[in-house]
Amino acid sequence: MDESSGQSDMTLSQGCILCHQGAKMVLFVTGRCHRACWYCPLSAERKGTDTVYANEHPVDIPRQVLEEAENMSALGTGITGGEPLLCLDIVTEYCHMLKDRFGPDHHIHLYTAKAPTGSELAQMQGLVDEIRLHPPHECWATILETDYIRSAQQAKVMGFAIGIEVPALPGLEHLIPALPILDFLNINELEWGETNAYQMRERGYELADDLHNAIDGAREWADELCRHEKVHWCSSAFKDSVQLRERLKRTAENTARPFDEITHDGTVVYGVLEPETGQEEACADIFDREFETDSFLNCGDHFETAWWLLTQHAGELPGKKYVVERYPNGGMIVEVTPL
């Protein structure tokens, strides 16, 4: 069963099934967008830029996208933004690269706030497997009269899996007439973010609890639509506690060093020693003498090792000692604890 909505996997899109397994790499291709949706949660760091990210890692050269996919044993890729169709040539270049390396079964879905034209669909045909349309909130009440439905119909004829993916907002029930045309409809729990906080306050929205970014009342707005079998509810808590965790675990299992401890959340934990000035060689001698070769790493200005070994030998090693928890493969630091 799908933990976020109680649905069977049989009712989920293939993209969602792989996301729930943590098996989809997130490929962020641009922070530019032709729309200015007040509820957009995109960070200030990414908004308006053309920096590409593979999961949490900025991409300088295309090969890094393949490396990140290999690091997590990705079975597919989710392409997002901003608006990916503003740089469609880049999107198709990455799709070709991913399909060539991992084969045609590497599942690619794309999220767009545009209604793709016939020409745009033709460019993506055979490369993108699943398209997730985001019609803006103001057109939901007349959804059957929009270009989004015409685009969805054409996409289905051309062999794409096609759906709508929107945040939970009042008026979701207006999308019910579109369901017969779609393969799926995903509702993401509305989330508070740094760039939409002012707009949230202006509308009187509040956080549902102190643990997540979910907006109080968002689930109730989706109740009527969620009665339909094609509809999938994705909660903020599920994305944070399951989807991300499973993706981090896949990466950690492939990239963790012998002395890294992999946590239940998919982060890695290790110890760090920063020797006192003039004590670098003495510390290196201790590591060479007391530690097995693959149980530490001499990084020049500091040493990294198993946190429990650093704790065990703390009295012999002069300098600053602390334990680091971070995302795998040199990712974001979660916590630093002094010893």
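Since every read-out is calculated from the coordinates, none of them should be taken as a lab result. As the structure is a prediction and not an experimental result, all values here were calculated from the model. Cβ coordinates were reconstructed from backbone atoms using ideal geometry, including for glycine residues, and neighbour counts include every protein chain displayed.
Could you check the spin-label model distance between Gln312 and Gln199? Points 7 Å from the Cα along Cα→Cβ, value in nm.
Between Gln312 and Gln199, the label points sit 5.4 nm apart.
Can you tell me how much longer the chain between Gln153 and Val334 gets when fully stretched, taken as 0.36 nm per residue apart minus their C-alpha distance, in nm with one decimal?
Numbers: separation 181, 0.36 × 181 = 65.16 nm, distance 4.45 nm.
Working it through step by step, the gained length comes to 60.7 nm.
For Leu144 and Asp210, what does the FRET efficiency come to when R0 = 35 Å and r is the distance between their Cβ atoms, rounded to the nearest 0.05?
The calculated FRET efficiency here is 0.30.
Let's test the formula: R0 of 22 Å, r as the Cβ-Cβ distance of Gln64 and Thr92. What FRET efficiency results, to the nearest 0.05?
0.75
Order by neighbour count: Phe296, Phe160, fewest other Cβ atoms within 10 Å first, most last.
Ordered by Cβ neighbours within 10 Å, fewest first: Phe160, Phe296.
Taking the Cα centre of the range 9-253 as origin, sum charge times position over the Cβ atoms of Lys and Arg (+1) and Asp and Glu (-1), and report the length of that vector in debye to the nearest 20.
380 debye
If you take every residue apart from Gly15 with its C-beta less than 9 Å away from the C-beta of Gly15, what net charge results, scoring Lys and Arg +1 and Asp and Glu -1?
0
What distance in nm separates the simple spin-label points at Thr11 and Asp50, each placed 7 Å from Cα in the Cβ direction?
Output for this residue pair reads 4.3 nm.
Got a sec? Charge dipole of the chain, +1 on Cβ for Lys and Arg, -1 for Asp and Glu; which of Trp192, His34, Pro167 is way out at the positive end?
His34
What share of all Cα pairs of the range 258-338, in percent, falls into each consecutive 5 Å distance bin?
3, 15, 29, 26, 15, 9, 2, 0
Above 31 Å lies some portion of the pair distances; for the chain, what is it as a whole percent of all C-alpha pairs?
41 percent
How big is the gap, in Å, between the Cα center of the range 322-338 and the Cα center of the range 31-86?
23 Å
Helix-only estimate, please: 222 nm mean residue ellipticity of the chain, summing -39500 (n - 2.57) across DSSP H runs of length 4 or more and dividing by its residues, to the nearest 500. Before the final figure, lay out each step's value.
Details: 10 runs with 88 residues, N = 339.
Helix contribution divided over all residues of the chain: -7500 deg cm²/dmol.
If we count other beta carbons within 10 Å of each Cβ, what is the order of Arg201, Arg132, Arg150, fewest first?
In order of increasing Cβ crowding within 10 Å: Arg201, Arg150, Arg132.
Could you work out the local net charge near Glu316, counting Lys and Arg as +1, Asp and Glu as -1, over the other residues with Cβ closer than 12 Å to its Cβ?
Surrounding charge for Glu316 is 0.
So if we plug the beta-carbon distance of Ser295 and Ser73 into 1/(1 + (r/R0)^6) with R0 = 25 Å, what FRET efficiency do we get, rounded to 0.05?
Efficiency for this residue pair is about 0.45.
Lys pairs in the chain, Cα-Cα under 15 Å, at least 8 apart or on separate chains: how many?
For the chain, the number of qualifying lysine pairs is 4.
Roughly what percent of Cα-Cα pairs across the range 127-272 reach past 26 Å?
42 percent
Measuring from label point to label point, each 7 Å out along Cα→Cβ, what is the Cys37 to Ala122 span in nm?
2.9 nm
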